[in-house]
DNA sequence: CCGAATCCGTGGCGATACTG
DNA sequence: CAGTATCGCCACGGATTCGG
C-alpha cells in the first residue's frame with residue numbers, strides 16, 4: 001500500500017545488504033532483549049513484565065511489546081476477564097533467537113574484563129584534554 | 001551515593017544487570033558490524049573501509065573505528081609514510097565476536113521470511129489509521 | 001590519505017497524565 | 001490491569017568544512 005513513500009528510510013536500501021543489521025535493528029532497542037529474557041520462562045503478564053524489568057516505563061514496555069509482536073516474536077493473548085488480563089509468550093522463532101543471544105552473552109562475559117581494561121588503557125593514553133598548560 | 005543524580009544515564013544501573021546489553025550497546029551502532037565484517041579478512045586501510053562500506057561518511061567511519069579501538073576490538077597501525085597510511089585489524093576478541101554474530105546472521109536468514117510475513121499480517125489487521133470517516 | 005570540528009535534523013526514550 | 005496521548009530532551013548520525 002501507499003506507493004508514495006517519500007522517505008523509504010533505509011529499509012529497502014539496507015535490508016538486503018546485511019541480514020545481521022536486520023536482527024540488530026530489532027534487538028538493539030533498549031528493552032527488547034530484557035523482554036525476551038523475562039518472557040523466556042513462559043507466558044507472562046504485562047504487569048509482571050513491568051515489575052521484573054526494573055526501570056522500564058509503561059510506554060516503552062507497550063511499544064517494545066508491539067514491535068516484538070509485529071515481528072512475530074511474541075504472541076499477545078487477551079483474556080476478557082473483569083480486570084483485564086493479557087499474557088505475552090515467546091514464539092518459537094524468538095526462543096531460537098534467545099538461544100543465539102546467549103552466545104553473545106557468553107562472549108560478553110568472557111571479554112568483559114578485557115574490554116574494560118582496553119577502555120581504561122585507551123582513556124589513559126588519549127587523555128581527554130590534558131592540555132599540560 | 002551520587003548527590004545529584006539528575007540523569008545517571010543508564011550505565012551503572014544497567015551495565016551490571018545484563019551482559020548482553022553491553023555487547024549490543026557496542027554493536028548496535030549503525031556501522032560497527034559492517035566494519036567488523038569488512039575487516040574480517042585481514043588488515044585494511046581507512047580508505048578501503050570507506051569504499052567497501054557504501055554509504056558511510058568519513059566522520060562515522062572515524063568515530064566508529066575509535067570506539068572499536070577503545071574497546072579493544074580493532075588495532076590501529078599508523079605508517080608514517082609520505083602519504084599517511086593507517087591500517088585497522090581485528091583483535092582476537094573481535095574475531096570471536098564476529099563468529100558469534102554469524103549465528104545471528106543464520107537466525108536472521110532462517111527467519112527473514114517469517115518476520116516479513118508477520119509484519120505484513122500485523123499491519124493488515126491493525127490498519128494504521130483507517131478512520132473510515 | 002586520514003582525520004577533527006561544527007552545525008543541524010531525526011527519532012529513541014523518559015516523564016507525566018488520561019482511559020476502558 | 002493494561003494500555004494511549006502528549007511533550008521534551010539529547011544522543012546518534014548525516015553534511016560540510018578545515019588541517020596535517
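Here are a few things to note about the model shown:
- Taken over region B:16-26, the criterion of being closer than 24 Å to residue B:65 by Cβ and either at pLDDT 90 or above or more than 7 Å from chain A (Cβ to nearest Cβ) (or both) is satisfied by B:25, B:26.
- With respect to (1) more than 7 Å from chain A (Cβ to nearest Cβ); (2) modelled with pLDDT under 95; (3) more than 15 Å from the chain's Cα centre (by Cα), the lone exception for residue B:30 is condition (3).
- Qualifying residue in region A:68-89 (condition: assigned to a helix (DSSP H, G or I) and either within 14 Å of DNA strand C (Cβ to nearest atom) or crowded, with 18+ Cβ neighbours inside 10 Å (or both)): yes
- One residue stands out among those in region B:66-89 that are more than 12 Å from chain A (Cβ to nearest Cβ) and near DNA strand D (Cβ under 9 Å from one of its atoms): the one that is farthest from residue A:108 (Cα to Cα), which is B:83.
- Odd one out for residue B:40 among (1) within 15 Å of DNA strand C (Cβ to nearest atom); (2) modelled with pLDDT of 95 or more: (1)
- Pick from region B:27-65, criterion assigned to a loop (DSSP other than H, G, I, E, B) and farther than 17 Å from residue B:94 by Cβ, ranking: farthest from DNA strand D (Cβ to nearest atom): B:54
- Taken over region A:23-37, the criterion of being within 11 Å of DNA strand C (Cβ to nearest atom) and either in contact with a helix residue (DSSP H, G or I) (Cβ under 8 Å, 6 or more places away or on another chain) or over 21 Å from residue B:25 (Cα atoms) (or both) is satisfied by A:26, A:27, A:28, A:29, A:30, A:31, A:32, A:33, A:34.
- Scan region A:90-124 for residues that are more than 7 Å from chain B (Cβ to nearest Cβ), in contact with a helix residue (DSSP H, G or I) (Cβ under 9 Å, 6 or more places away or on another chain) and within 12 Å of residue B:19 (Cβ to Cβ) and the total you get is 3.
The values are calculated or read from the model by the stated rules, or taken from the named source; none is laboratory data. None of the values given here were measured: they were computed from a predicted structure. Cβ coordinates were reconstructed from backbone atoms using ideal geometry, including for glycine residues, and neighbour counts include every protein chain displayed.
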